Amino acid sequence: MGLSKRTIKQLLRRIGLLGVAERLYFNARAASPDVLRREWAFIRGAIADDGAPLPPGKLVFDVIACRWRAVYLDSGSEIVDDMVDVLRSAGVDPAMWSPADQVLDFGCGCGRLIRQFRTHSPAALHGTDYNPDLIAWCAENLAFARFDVNALSPPLAYPDSSFRFVYARSVFTHLDDSLFDAWVAEMRRVVSIGGWLYVTMHGDRLANALDGAQRARYDDGQLVVTYASVAGENLCATYGNRPFVERTFVAAGFELVEFRPGRANSHLRQDIYVFKRLD
Ligand SMILES: C[S@@+](CC[C@H](N)C(=O)[O-])C[C@H]1O[C@@H](n2cnc3c(N)ncnc32)[C@H](O)[C@@H]1O
């Protein structure tokens with residue numbers, strides 16, 4: 001009798017090898033002939049179509065659990081195209097903003113999204129992350145934006161109401177309970193009144209990775225955190241259903257203006273929320 005995928009995962013988790021196994025799996029699965037051909041070209045000095053430098057494979061791996069730069073570029077483009085589409089559905093058009101408008105990429109990693117977002121908006125761009133290695137690379141190589149390091153817990157270095165738009169893609173998905181609440185409040189502080197917040201969450205499409213007890217808590221509208229001892233790292237995976245996420249952000253002073261559930265596409269599997277900051 002063969003072992004089910006869930007049983008294998010539980011075994012690997014129990015012996016502490018789930019994270020390693022998942023990373024090997026993601027790299028192998030993404031290594032199509034085209035991805036490998038482009039990686040080889042980048043190694044030999046080819047530049048990205050957008051002209052900006054490419055991070056080393058190790059940094060890409062640390063952020064998206066896959067070291068291929070073609071995946072970093074293609075997934076970033078796909079995610080940001082989708083983000084702009086979601087914003088437009090909410091009646092928000094970043095192309096209409098001016099250079100006086102400030103936009104923050106919270107948990108910007110090694111710039112996968114910010115380098116794409118700049119083609120969609122003339123706004124002034126900022127990125128922040130708690131990993132100093134990622135920010136050092138961004139600050140040295142992505143001259144079109146300003147970058148800062150923050151601590152694992154708030155606050156950010158910015159004054160109240162600094163940003164017309166903040167996006168946090170795949171960041172709240174790696175926080176434990178107390179960090180989650182603290183960062184929701186911090187988002188409320190730095191988004192301007194009437195400004196917008198885009199966040200993503202592991203939702204229904206991904207909740208089948210949870211075991212029975214975790215799934216029951218998820219279905220009950222509670223936050224479920226795995227590997228909480230490494231909060232902030234990708235290994236810590238956090239799940240919350242729509243009622244939980246909506247209730248939490250609304251309680252902090254946001255209004256939900258757009259929701260897009262996770263899709264089958266491997267880069268768009270997280271649930272997407274666009275909130276508007278109320279007074
Ligand atoms: C899965 S990666 C996503 C990176 C980026 N948003 C993207 O989509 O390419 C998660 C990122 O969140 C960052 N992160 C986790 N906890 C954070 C925190 N408390 N403050 C700032 N960044 C954080 C990590 O360092 C990492 O770069």
Pair list, Cβ under 7 Å, 6 or more apart: segment 172-194 residue closer than 19 Å to Tyr158 by Cα, other residue of a type in the set (Gly, Ala, Ser) and within 11 Å of the ligand (Cβ to nearest atom): Leu179/Ser153; Leu179/Ala231; Ala182/Ser153
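Could you list, in sequence order, the residues of segment 260-279 that are surrounded by 14 or more Cβ atoms within 10 Å (Cβ to Cβ) and among the charged types (D, E, K, R)?
Arg260, Arg263, Arg269, Asp271, Lys276, Arg277
Restricting to segment 205-235, what's the tally of residues that are farther than 26 Å from Phe165 by Cβ and either within 17 Å of the chain's Cα centre (by Cα) or of a type outside the set (D, E, K, R) (or both)?
20
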Considering only residues that are crowded, with 21+ Cβ neighbours inside 10 Å and within 13 Å of the ligand (Cβ to nearest atom), which ones fall in segment 181-195? Trp183, Val184, Met187, Val190
Condition first: touching a strand residue (DSSP E or B) at 6+ places or on another chain (Cβ under 6 Å) and away from the ligand (no atom under 13 Å from the Cβ). Now tell me which residues in segment 130-153 satisfy that. Ala139, Ala145, Arg146
Take Trp68 and decide whether it is surrounded by fewer than 16 Cβ atoms within 10 Å (Cβ to Cβ) and among the aromatic types (Phe, Trp, Tyr). no
Show the residue pairs meeting these rules: Cβ distance below 6 Å; 6+ apart or different chains; first residue within segment 130-159 and under 25 Å from Ala182 (Cβ atoms); second residue among the acidic types (Asp, Glu) and within 9 Å of the ligand (Cβ to nearest atom). Ile135/Asp129
Would you pick out the residues in segment 8-17 that are modelled with pLDDT of 80 or more and either surrounded by 10 or more Cβ atoms within 10 Å (Cβ to Cβ) or touching a Cys at 6+ places or on another chain (Cβ under 9 Å) (or both)? Ile8, Leu11, Leu12, Leu17
What are the residue pairs meeting all of these: first residue in segment 61-76, first residue farther than 17 Å from Arg37 by Cβ, second residue more than 11 Å from the ligand (Cβ to nearest atom) and in a helix (DSSP H, G or I), Cβ atoms under 6 Å, and 6 or more apart or on different chains? Ala65/Arg23; Ala65/Phe26
Restricting to segment 18-44, and then to whatever is surrounded by 12 or more Cβ atoms within 10 Å (Cβ to Cβ) and among the small types (Gly, Ala, Ser), can you tell me which residue is modelled with the highest pLDDT? Ala41
Considering (1) more than 16 Å from the ligand (Cβ to nearest atom); (2) within 22 Å of Asn27 (Cα to Cα), say which one Ala95 fails and leave the rest. (2)
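The values are calculated or read from the model by the stated rules, or taken from the named source; none is laboratory data. Everything quoted here is computed from the prediction, not taken from an experiment. So basically every Cβ, Gly included, is an ideal-geometry build from the backbone, and we count neighbours across all protein chains shown.
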